[in-house]
1. Using the alpha-carbon centroid of each, what span in Å lies between the stretch 1-43 and the stretch 59-91?
2. How high is the relative contact order of the chain, given as a whole-number percent (alpha carbon pairs under 8 Å, six or more residues apart)?
3. Scattering from the C-alpha atoms of the chain alone, worked out with Debye: what is log10 I(q)/I(0) at q = 0.11, 0.16, 0.24, 0.25 1/Å?
4. Cut-off 14 Å, label point 7 angstrom out along Cα-to-Cβ of Leu23: give me the residues of the stretch 32-46 whose amide nitrogen falls inside.
5. Please check: in the Gaussian network model of the chain (C-alpha springs, under 10 Å), which one of Ala45, Ala30, Ala21 has the largest mean-square fluctuation.
6. Rank Glu19, Glu81, Glu59 by mean-square fluctuation in a GNM of the chain with C-alpha springs under 10 angstrom and give only the top-ranked residue.
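A short reminder: the numbers here are calculations on the coordinates, not readings from a lab. Keep in mind the model is a prediction, meaning the values are calculated, not measured. So basically every Cβ, Gly included, is an ideal-geometry build from the backbone, and we count neighbours across all protein chains shown.
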Amino acid sequence: MLRFLRTLGCWTVGSVSAEAARLFADTTRAEVLVEAAGLGAELIAAAAGDRRFPEQQAEHDEFRGRMQQLVTFRREEWPYEYEYWQAAGRL
């Protein structure tokens, strides 16, 4: 899922998961919730600070290149997108 999100141009901060049994068990519930809260705090800090992740930059550059080609190729059918990308300095 993280790879898919990065393919769409998203920056990913991390991930957390838990089996339902860990959420329902009194002995492991707190641990799972602490993990999730920690990731949530990291996500908020990343968004507030416009944080970048250098290890993901190559994927973003590839996606940007594909989108530049697509928007340029479809400029007749997608005039709004073409003008938007031009105005933003992305073409």
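1. 33 Å
2. About 28 percent, as a whole number.
3. Log10 of I(q)/I(0), two decimals: -0.51, -0.80, -1.15, -1.17.
4. Inside the label zone: 32-37.
5. Its mean-square fluctuation being the largest, the pick is Ala21.
6. Judging by the Gaussian network model, the answer is Glu19.
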